[in-house]
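What follows is a single structure, written as structure tokens, with notes after it.
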Amino acid sequence: MTTEAPVAAGRIVLLTASHRVAPGLLSWPAWQTLRAADRVLCADEAHPQLPYLREAGVVVEIAAVTAQELVDACAGGTSQAEGSGEGRTVVVVPSGEGDTALTDGLARLAGSGRVQMPDLELLPGSYDLPGARLLDLVQVMDRIRAECPWSSTQTHTGLAKYGIEEAYELVEAIEDGDRDELREELGDVLLQVVFHARIAQEDEHEPFSIDDVAGTIVEKLIHRHPHVFGDERAETPEDVKEHWLRTKAIEKQRDSVTDGVPLGQPGLALAAKLASRVRSAGLDVPLPAGSGIGYELLALAVRAEASGTDPEAALRAAGRAYRDAIRAAEGQE
């Protein structure tokens, strides 16, 4: 007496693809699986992958199936090898949001113990490249600019103060050493860049986009790092700084070493920046004669810069110590 081998339950392949990668750019294992499958199912008739799958000769059925129907589709039939007795391979192309009802249903069936389940496989058809989530940020910003009553009316001038605030909050997170806060504040600063770039797109006379912003800084970085992207050599950080300053001077064609120093920055930082420019240029410029706290602070800032100390950071550190002392005094009352 012979006993027939049980028919295998087949194979379900959930094919995922990043929406941040152009449709049709799938991995070779994904294309192999699609071509070899007995059936390819997709519930979304507007899925961006469908035109490319059909162009490649893959037959896709537009059908929304339940977990049980999908299991039944895998079992009870033969594969492409006629008479092999094996279960079928069914590939499901989920929607962009994912088919949670289907995956939850499959999980329930598998956990019930009452159903012979097919092999379940999650096959990534494409992966996000580094920086891909920036595309999400651009898309979200586009929608907010179009639909939010507050964001849709903002201008470069109106947002300027937030850029300053976010920069200071980023510095505070760095000095506090709080990694979670640092990640969040970096995002807030990045938002300011994307927001301003989105507003700039709407300018009637000189529009530019976030891609133009990114392209400009990429060109600048490549041009100012000839020791990385060119033939020049730089063995030390001082060599790199020399390259940077020399290239920047050629680009800007400035008349004075003070050109490009923003006068609106905090006073100690301004004094230190001017002192740095004087020192880098090899100039001998005496401090202006004068009396009062301003001239005293100027001298302190110049002295700090000459010793390699950031006077703003030093004063903030002292301010934090003063704050802690105040809190301690309050706690004793």
Nearby lysines by direct alpha-carbon distance to LYS248 (threshold 23 angstrom, same-chain neighbours under 8 apart not counted): LYS220, LYS273
For the stretch 266-318, what number results from the quotient of the Cα radius of gyration and 2.2 N^0.38 Å? 1.09
Tell me which DSSP H helices of the chain clear both cut-offs, 15 Å or more of axial length from alpha-carbon atoms and a mean Kyte-Doolittle hydropathy of at least -1.0. 100-112, 133-147, 156-176, 179-200, 210-223, 267-280, 293-306, 311-332
Hull shadow area, averaged, the chain [alpha-carbon convex hull, nm²]: 33.0 nm²
Looking only at ARG277, ARG114, ARG20, which one moves most when the chain is put into a Gaussian network model with springs between Cα atoms under 10 Å? ARG114
Tell me, VAL171, VAL257 in order of fewest to most beta-carbon neighbours within 10 Å? VAL171, VAL257
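Here, each number is a calculation from the coordinates, and none is a lab measurement. As the structure is a prediction and not an experimental result, all values here were calculated from the model. Please note: Cβ atoms are built from the backbone with ideal geometry, for glycine as well, and neighbour counts cover all protein chains shown.
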